[in-house]
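In what follows, a structure is listed as structure tokens, so that the remarks can point back to it.
The values are calculated or read from the model by the stated rules, or taken from the named source; none is laboratory data. What you see is a predicted model, and the numbers here were worked out from it, not measured in a lab. Don't worry about glycine lacking a Cβ; one is built from the backbone with ideal geometry, like all the others, and counts go over all protein chains shown.
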Amino acid sequence: MRRVAKLLVVTSLLAGCATGSGPTSPPLVGGNVQYGDAKAVETVTNTFGSTDLQMIAESMTRSMLQSPALHGGKRRPLVTVNEVKNKTSEYIDTRAITDSILTQMTKSGVVRFVVDTADMQDQTEELARQNQSGLYKKSTSKKMGRMEGADYRLVGSISSITKRTQDIHDVYYKFSLRLTEIESGVVEWADEKEIRKTTTR
Amino acid sequence: MGRLAVVLVVTLFTAGCAGAMRSYNTELRETTQMVAASRPDLALQVLEQNNTSADKDLLYHLEKGSLLRLQGEFADSRQQWLEADRRVREWEDLARSNPGKLLGDIGSLLVNDKVRPYEGYDYEKVLLTALLAMDHMALGEWDAARTEIKKTHEREAIIAEFHAKKVIQEEEEAKKRHSTRTVKELQGYPVETLSDAQVIALKNGYQNAFSHYLAGFVYEALNEPSLAAPGYRQAIELRPDVAVLEEGLKQLDQRRSRAAAGKTDVLFVVEGGMAPGRSSMMIPLPVPTVGLVSISFPVIPNNPTADYRLSTLMVDDNTVPMALVTHVDAMARRTLADDMPGIIVRSMVRAATKGLAQRQTNKKGNELASLAIMLTGLVMESADERSWRTLPATIQLGRAAFKPGKYTLRFPAANGTLVSLPIEVSGRHQIIPIRVVDNTLYVASTPGSAHGVVQEAVLEKERPVAPVGGKVGKKKKE
Amino acid sequence: MGDGLWSKWVLGSGMVVVMVGLAACQPPPQRSAAIASKVEELGVMLDVQPVELRVVRRNNLLHVQAEVFNPTTQDQSVSYRFRWVDAAGFVLDEEAWKPLLLHGQQRQFLRTVAPAPQAVDFRLEMHAPNNSVPVDIAANQPRQPWNEVVR
């Protein structure tokens, strides 16, 4: 009898029916989830991350706030955001960066923003609906042809240089932004933010 | 009486392990034939017959999703693939949080590869989300497609990291076992299948240009050029010197003005053939202290369905240049080539264990035990044949702008016969998926993106256009 | 102030264990009162010192420049952020932590501008993951008005 038992053990070891040993699902509560500091320095991998986004947005906003062009006028200047070109081969959502810049600039109260190209569709549709659908009170429907043109436009780009050896992976990002006066085409302000990240194995 | 019982127990035990007995090649032969014969419904029946247990594995959901898609059941196909995707995400979570466990499973020496639960090859995991995105778009849900696209490149990053760890571990394992055997040392192994020009041209076994180009297209359709640009750029990096891909990036800015002119940006995705299968090949190897032992290794047989190429498509009188952007067949072979060193090390150790056990029982003269070991040996020694077979073998792309309306699409099928199909162009951006398997074509009439265009997305079902030699030929005679 | 001890520590052989051992019985490095009132450290930074602070109001915005110095011979990394306070003492929006690499013996200037005109005061929060030691809670000593920065 003992011999049989041994035989079975050997067989099961060799055939190794592992079908039942799939990954066990974690419990619904009590896993390793915890909330973190959204503003903390993130160095999980060296791809473009939250800290880079926050640093770029902040440094651009603070630098732009110092531009004399934005101060001294009678009214707060109007700015529109054009595109920030992504020249890297990483999927970086530059819209997330410009959105942060827009938010911080608006909060500063120094400038105001007008609808940008990406948002234009919704804006015109809303105006058209108020005016053409015949559903709205004349007194409250907003008039066509009253939108304000921007004084300045923001354009920029992000580019990167990556170098990699067996042990070292180095990424350099350069984000540059320009504020151009629309009527004259004069560049009133420009700045760059550079970031270098290195991973060693 | 007692003896007989023991034999039965042993036999049942080994047979009860369904994974060990499974021959995926045999299972899928009929399925693929049915697809080629324009009967995806029957193909699905065969698949269901082969997967009767309540506990379905990843592979079942992958294949079923493909077959449903060919029938034009995009919603059902999406459901299957989302289930498959859920399983892949479980793997992702492990790869992120506990790569050591996964690596340990792979390195497990006593377990044959084929009895492990199917995890999916890396190229399959990446293509899964790209195809899921195509399903979403076929249902007119471009925003959902964007989610899948984002998942695709996040998944690629996880795989890349895991892959690097795996390579290091396998190098160490080989060093520890003093195993320096490479595929070239396997007598009679068809080494050329793992090192032809198509395989060498690949950067790795899991990244494909199609997924990235599709990412570019979807982001562009959703008016996010800053995300579209890296998609096109990465596609070019993965497959340099392909004009269709280069145009994608070069004309990114011009196309926006073209869209303003009321034209639809149409992407033709031609999926050709079937992904290759794997079969086993017995190769005798000298194992220290045991002698010559026959060990089976996986081989990817020649796959003629991967040879289908289109240089152009005709849309009415316009010529749309086509280009091969993803060679799934070569990716499968590259994956096997990358896995081979690990497979060899594990097989050698297993063979040594098996040989020793057999010699000892022979010495003792215990025939029964010897028989049992031979039995398990037989079961063990056939390689893992599983892989996602209903994936296309090649993916070719073409892109052009047309005014919305009805057109006739003409191109040669696999046997050279010219086929023509009606298509309808609508929306700002549109994807037209075409599947060519032997002489059967599957074309989906999918809605264009409604992004920026207020219109009802009319969905027509994909319908098989039966064998070119058959119905179309007959029509001509009438 | 044990001058000998301090310089030994500044010369800082790379051995972290030794440094931590010394740090435990080491009085915290000294800062001027002005700096101490504006700089908030999470723990006490031993290897990086805020040396000088300048504040000026231009274009109705507060401009701040802080000089930090790494007296050791190794690279040190710290994170910092500014916290802005309005006239009523309310804190404006939180800033993101910014990483900063200081080479051995390097001085760096952290320059910034308030995010909005209503900011009238600020604090500089600094945090060095590798070299901060917790304040001795048992002693429950308030931070002393330190003498001139020890060199």
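Some points to look at:
- Single match in B:235, B:209 (criterion: touching a strand residue (DSSP E or B) at 6+ places or on another chain (Cβ under 6 Å) and in contact (Cβ under 8 Å) with a residue 40 or more places away in the chain): B:209
- Failed item in (1) within 30 Å of residue B:252 (Cα to Cα); (2) within 14 Å of chain C (Cβ to nearest Cβ), with residue A:68 passing the rest: (1)
- Residues of segment A:163-177 satisfying the condition of being exposed (fewer than 15 other Cβ atoms within 10 Å of the Cβ) and assigned to a strand (DSSP E or B): A:163, A:164, A:168, A:172
- Note on segment A:91-145: among residues that are more than 27 Å from residue A:39 (Cβ to Cβ) and among the small types (Gly, Ala, Ser), the one that is nearest to the other protein chains (Cβ to nearest Cβ) is A:128.
- Residue list for segment A:36-65, restricted to those being within 26 Å of residue C:62 (Cβ to Cβ), more than 9 Å from every other protein chain (Cβ to nearest Cβ) and not β-branched (Val, Ile, Thr): A:52, A:60, A:64
- Those residues of segment A:86-137 which are buried (at least 18 other Cβ atoms within 10 Å of the Cβ) and on the phi > 0 side of the Ramachandran plot, in sequence order: none
- With respect to the stated conditions, residue A:81 is more than 14 Å from chain C (Cβ to nearest Cβ), crowded, with 20+ Cβ neighbours inside 10 Å, farther than 28 Å from residue A:198 by Cα and at pLDDT 60 or above.
- The helices (runs of 4 or more DSSP H) located wholly in segment B:133-236 that include 2 or more residues which are more than 18 Å from the chain's Cα centre (by Cα) and modelled with pLDDT of 90 or more occupy B:142-176, B:209-221.
- For segment C:36-89, a residue qualifies if it is in a loop (DSSP other than H, G, I, E, B) and without any contact (Cβ under 8 Å) to a residue 40 or more places away in the chain, and the qualifying residues are C:59, C:70, C:75, C:87, C:88, C:89.
For every residue, the table says whether it meets (1) among the basic types (Lys, Arg); (2) farther than 18 Å from residue B:432 by Cα; (3) within 12 Å of chain A (Cβ to nearest Cβ).
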site	(1), (2), (3)
B:72	no, no, no
B:84	no, yes, no
B:91	no, yes, yes
B:103	no, yes, no
B:126	no, yes, no
B:134	no, no, no
B:139	no, no, no
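- Exclusive hit being of a type in the set (Phe, Trp, Tyr) and farther than 30 Å from residue B:428 by Cβ, set B:206, B:213, B:219: B:206
- When the criteria are applied in full, residue A:100 fails the requirement of being touching a residue at least 40 places away in the same chain (Cβ under 8 Å), over 30 Å from residue B:219 (Cβ atoms) and within 22 Å of the chain's Cα centre (by Cα).
Quick grid of which residues meet (1) of a type in the set (A, V, I, L, M, F, W, C); (2) over 25 Å from the mean Cα position of the chain (by Cα):
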position	(1), (2)
B:265	no, yes
B:274	yes, no
B:277	no, no
B:300	yes, no
B:307	no, no
B:311	no, no
B:331	yes, no
B:337	yes, no
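- Among the numbered conditions (1) touching a His at 6+ places or on another chain (Cβ under 6 Å); (2) at the interface with another protein chain (Cβ under 9 Å from one of its Cβ atoms), the only one that residue B:229 does not meet is (1).
- Whichever residue in segment B:312-351 is polar (S, T, N, Q) and at pLDDT 90 or above and, among such residues, is surrounded by the most Cβ atoms within 10 Å (Cβ to Cβ): B:326
- Of the residues examined, residue B:193 is not one that is surrounded by fewer than 15 Cβ atoms within 10 Å (Cβ to Cβ), among the polar types (S, T, N, Q) and closer than 17 Å to residue B:337 by Cβ.
- Per-region count, segment B:237-247, residues part of a helix (DSSP H, G or I), in contact with a Leu (Cβ under 9 Å, 6 or more places away or on another chain) and either within 9 Å of another protein chain (Cβ to nearest Cβ) or within 17 Å of residue B:400 (Cβ to Cβ) (or both): 2
- Top-ranked residue in segment C:98-113 [being in contact (Cβ under 8 Å) with a residue 40 or more places away in the chain and touching a helix residue (DSSP H, G or I) at 6+ places or on another chain (Cβ under 8 Å); ranked as farthest from residue A:66 (Cα to Cα)]: C:112
- Sub-6 Å Cβ pairs linking a first residue in segment A:34-54 that is within 21 Å of residue A:89 (Cβ to Cβ) and modelled with pLDDT of 85 or more to a second residue that is hydrophobic (A, V, I, L, M, F, W, C) and part of a loop (DSSP other than H, G, I, E, B), at least 6 apart or interchain, are A:48/A:92; A:51/A:41, ordered by first then second residue.
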